[in-house]
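Report on the structure given below.
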Amino acid sequence: MNNSSEFVRDIGTPAMLTALEANAGEEIACFGRGIPGAEYHEDAELTWFITHRRYLNGVARTRLIEHDSSFVDTHIRSLCTYFAAQKVSMNWAISPTTTPYNMASRLLANGFTYRMDDLWLALDLQTPIETRPTPSSLVISECMSERDLLLWRDVNARGFDNFEEGAQTYYENYHNLGYGAGQPWHHYLAWVDGEAVAAASLLLHAGIAGIYGVSTIPKARRKGIGYAITHHLLREARTFGYHIAILAPSDMGLSMYRRLGFQNCCHMHHYSWTPTTE
């Protein structure tokens, strides 16, 4: 948890972009600390991790001190050699604050391929947010026990297509890392008529509030529940003292986040590499 002097207050500043990268990087790199048998490595230049599970292996932050191509290539090839020995593929994230600024071209020159872009949105938490109609029995609560987190897992498995394996991995990670009072991670459930129908997570890290994993089970969609649970997380973040919230929307959720007031902030680019022995 940040003290008030560490909160990021202004959208679009270099400090805010650095905080966004740190929050987004922590969201994925924390699996290197929470999954049994995983690895997490961090120094002044790189943050990277290996979980041996699909899509959860790679480099989350790059701040190479020297920008000479041979120096950069040496770092890339060294990591490729390590990942190849582990027989896992690697994702390398490139953010607006990545250095060197030609990192993407160096990755391509060393056998990486472009994978995808993430659009990141940001919201000033002082922005008034419209309340929308929801089912009258809607209740939103924070996960405070293992039973709650197991329900959170099950909602995610139903809310995201073909996500049973992924939901179990996320559950294991968050269970091992800890969550709730005094922790960076907070997980929430939305209930209608006593049934858990939506889930979402809040990461308070690097002076900024990250919204992740907003999901609603199919039968409960288009009833304002996803909007309501996101709105709840925004109020929670503001209560904790945060000024800015960020998220990377799915195509399906983009219009909803626009209605909440989120605006375009930046893109992150992802490159992948697969060892020939995998």
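Brief remarks on what is shown
- Less than 5 angstrom separates the built amide H of Leu125 from those of Ile244, Ala245, all sequence-distant by 5 or more or on a different chain.
- Here is the size of region 51-129 from its Cα atoms: Rg then Dmax, 15.5, 52 Å.
- For region 1-98, alpha-carbon Rg relative to the globular expectation (2.2 N^0.38 Å, N residues): 1.18
- For region 66-81, 3J(HN,Hα) per residue [Karplus equation, 6.51 cos²θ - 1.76 cosθ + 1.60, θ = phi - 60°, Hz, x = Gly/Pro]: 9, 10, 4, 4, 5, 5, 5, 4, 4, 5, 4, 5, 5, 5, 4, 4
- Coupling constants for region 244-260 follow from the phi torsions by the Karplus curve (6.51 cos²θ - 1.76 cosθ + 1.60, θ = phi - 60°), and in residue order they are 9, 10, 9, 6, 10, x, 6, 4, 5, x, 4, 5, 5, 5, 4, 5, 6 Hz; glycine and proline get x.
- Using all pairs of distinct alpha-carbon atoms, the Kirkwood hydrodynamic radius of region 89-191 works out to 17.7 angstrom.
- 3J(HN,Hα) along region 117-133, derived from phi through the Karplus expression 6.51 cos²θ - 1.76 cosθ + 1.60 where θ = phi - 60°, amounts to 10, 10, 8, 10, 10, 9, 9, 6, 6, 8, 5, x, 10, 5, 8, 10, x Hz, with x in place of Gly and Pro.
- With the highest mean first, a sort of the peptides 43-51, 208-216 on other beta-carbon atoms found within 10 angstrom per residue produces 208-216, 43-51.
- Region 206-278 versus region 121-175: alpha-carbon centroid distance in Å: 11 Å
- Calculated on the Cα set of region 1-52, radius of gyration then Dmax: 13.4, 39 Å.
- Per residue accessible area of the chain, 1.4 Å probe, in Å²: 46 Å²
- Positive-end extreme of charge dipole, the chain - chosen from Met90, Thr274, Ile225 (charges on Cβ): Ile225
- Alpha-carbon Rg/Rh ratio, for the chain, with Rh computed the Kirkwood way: 0.97
- Modelled FRET efficiency - R0 45 Å, Arg238 with Gln86, Cβ distances, 0.05 increments: 0.60
- Rounded tilt (10° steps) of 146-159 against the dominant C-alpha axis of the chain: 80 degrees
- Among the trypsin sites (Lys or Arg not before Pro) found in region 10-91, those both in a DSSP coil and sparsely packed, with 15 or fewer other Cβ atoms within 10 Å of their Cβ, are Arg54, Lys87.
- FRET efficiency, 1/(1 + (r/R0)^6) with R0 35 Å, evaluated for Asn176 and Phe71 via beta carbons: 0.45
- Projecting the Cα positions of Pro133, Gly166, Met116 onto the charge dipole of region 105-171 (unit charges on Cβ atoms of Lys, Arg, Asp and Glu, taken about the Cα centre) puts Met116 furthest along the positive direction.
- Taking Cα centre as origin and charging only the Cβ of basic (Lys, Arg, +1) and acidic (Asp, Glu, -1) residues, the dipole magnitude of the chain rounds to 640 debye.
- The Cα atoms of region 175-278 cover 52, 34, 33 Å along the three principal axes, with the biggest extent listed first.
- Dipole of the chain, positive direction: furthest Cα of Val214, Ile50, Ala181, with charges on the beta-carbon: Val214
- Label-point separation in nm, Arg132 to Asn102, each point 7 Å along Cα→Cβ: 4.6 nm
The values are calculated or read from the model by the stated rules, or taken from the named source; none is laboratory data. Since the structure is predicted, the reported quantities are computational estimates derived from the model, not experimental observations. Cβ sites come from the backbone with ideal geometry, for glycine too, and all protein chains shown count toward neighbours. Heads up: the accessible areas ignore ligands, DNA and RNA and are worked out on the full protein's heavy atoms, side chains in. Shrake-Rupley method; radii C 1.70, N 1.55, O 1.52, S 1.80 Å.
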